[in-house]
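First comes the structure, then the notes that go with it.
Quick note: the coordinates plus some simple rules give every number you see, no bench work behind them. On a predicted model such as this, the values are computed, not experimentally measured, just so you know. Here the Cβ positions follow ideal geometry from the backbone for every residue, glycine too, while neighbour counts run over all protein chains shown.
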């Protein structure tokens, strides 16, 4: 198996009024390409902080995150931006769709950032919306879509650049159980058919079971 992320002695410390808070405390693990990883733990245990660090959205205090022989912890802001643009997709709990843009326009955003022509953006975005079952909703605005449909648009946006990793933070947190199952099954399909690594934070035991690799945190420390 090919290692896609190698994490060594990762720490993230915040200075608070009451003292130092160790959001991540000496965490080490490796993730292989095509793994579906579920990250769980009591609320406030550092799961989202870990996801943000691995995706290059925040800088850890110390340690290493190795991706393609590059240490993301010491990478420049420009290098981190390139990592996020080319290698990473995001799916958030609140969908994070731009309300005044249609479904296809939301999906086109990552392609525009990576320099694709407008024609390519439209073709690729329409294709991936078909893949998530929303080909007939591409001209709809987020307010015209159900919660489950909005999350499928978000998944399409994460998928359109063919990333190496999709980071999903509570992707079913705002959905009822029946819709949650559909979203989780689709993420599993993306993982298996496209060999995209999925790293998903969840507080749902049912959602966590979709992961073939399980990471559990407690007070910023790795439990398993």
Sorted largest first, the C-alpha extents of the range 1-40 along its principal axes in whole angstrom are 44, 19, 9
Under the helix-only model (-39500 (n - 2.57) for each DSSP H run of 4 or more, divided by the residues of the chain), the mean residue ellipticity at 222 nm, to 500 deg cm²/dmol, is -11000 deg cm²/dmol
Label assignment, semi-axes √(5λ) of the Cα gyration tensor in Å derived from the structure, set (1) 33, 17, 16; (2) 29, 20, 16; (3) 38, 18, 15: (2)
For the chain, what relative contact order do you get, as a whole percent, if you take Cα pairs closer than 8 Å and at least 6 residues apart? 31 percent
If one takes the longest principal axis of the Cα atoms in the chain, at what angle in degrees, from 0 to 90 and to the nearest 10, does the Cα axis of helix 147-159 lie? 70 degrees
With labels modelled as points extended 7 Å from the Cα through the Cβ direction, what inter-label distance (nm, one decimal) is found for residue 178 paired with residue 194? 2.7 nm
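Subtract the Cα-Cα distance of residue 66 and residue 2 from 0.36 nm times their separation in residues, and report this length gain in nm to one decimal.
Here the answer is 21.8 nm.
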Sort all Cα-Cα distances of the range 50-126 into consecutive 5 angstrom bins from zero, then give the percent of pairs in each bin up to the one containing the longest distance. 3, 14, 21, 19, 16, 14, 9, 4, 1
Taking a label point 7 Å from the Cα of residue 101 along the Cα→Cβ vector, which residues of the range 148-181 have an amide N closer than 20 Å to it? 148-169
Length-normalised contact order of the range 1-92, Cα under 8 Å, at least 6 apart, in percent, tallies to 31 percent
Among 41, 135, 115, residue whose mean-square fluctuation peaks in a GNM of the chain (springs only between Cα atoms under 10 Å): 115
Output the 0 to 90 degree angle, nearest 10, between the alpha-carbon long axis of helix 77-87 and the longest principal axis computed from the alpha carbons of the chain. 50 degrees
Residue 120 to residue 16: extension gain in nm, 0.36 nm per residue of separation minus the Cα-Cα distance? 32.7 nm
Enter the angle in degrees (range 0 to 90, nearest 10) between the Cα long axis of helix 103-113 and the first principal axis of the Cα atoms of the chain, meaning the one along which they spread out most. 60 degrees
Please compute the length gained on full extension between residue 9 and residue 26, using 0.36 nm multiplied by the number of residues separating them and subtracting their Cα-Cα distance. 5.7 nm
Assertion target for 203, 116, ordered by fewest C-beta neighbours within 10 angstrom first, is 203, 116
One can check that the equivalent ellipsoid of the range 136-213, built from the alpha-carbon gyration tensor with semi-axes equal to the square roots of five times its eigenvalues, has lengths in Å, largest first, of 20, 17, 10
So how far, in whole Å, is the C-alpha centre of the range 118-162 from the one of the range 179-224? 22 Å
Per-residue Cβ contact counts at 10 Å, fewest first, order 73, 153 as 73, 153
